[in-house]
1. Run lengths n ≥ 4 of DSSP H only: what is the helix-derived mean residue ellipticity at 222 nm for the chain, with -39500 (n - 2.57) per run over all residues, to the nearest 500?
2. Extending each Cα 7 Å along its Cβ direction at LEU7 and LEU26, get the distance between those two points in nm, one decimal.
3. So what does the Cα-only Debye profile of the chain read at q = 0.13, 0.18, 0.27, 0.29 Å⁻¹, as log10 I(q)/I(0), no solvent term?
4. What does the extension gain come out to for GLU17 and ARG47, with contour length at 0.36 nm per residue minus their alpha carbon separation?
5. Cut-off 10 angstrom, C-alpha nodes, Gaussian network model of the chain. Which of GLN34, GLN45, GLN16 fluctuates the most?
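Just so you know, all these numbers are worked out from the coordinates, no wet-lab data involved. Predicted, not measured: the structure shown is a model, and the values here were computed from it. Ideal geometry is used to build each Cβ from the backbone, glycine not excepted, and the neighbour counts take in all protein chains shown.
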Amino acid sequence: MGSKELLNKVLALDPQERFVIIEGLLASLDEPNQTIDNIWANEAQKRLKAYREGRLEAVPMEEIFTE
């Protein structure tokens, strides 16, 4: 069954059933990706180290939210 045919079948379902399918699809897209998580963790560690060594200037939260 192709994606267009599947979509047509899903659209024929009642709203509650479509909601269950949508929730399942969204949850499947939101699974953790260890590779991306590791990249961000390494970047955060580099930025923290640079801040602590004085090589990176911090911006106050209030200033960020007023822009």
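1. Calculated mean residue ellipticity at 222 nm is -23000 deg cm²/dmol.
2. Label at LEU7, label at LEU26, 1.9 nm between them.
3. -0.68, -0.82, -1.09, -1.13
4. 6.2 nm
5. For the chain, modelled as a Gaussian network with Cα springs under 10 Å, the answer is GLN16.
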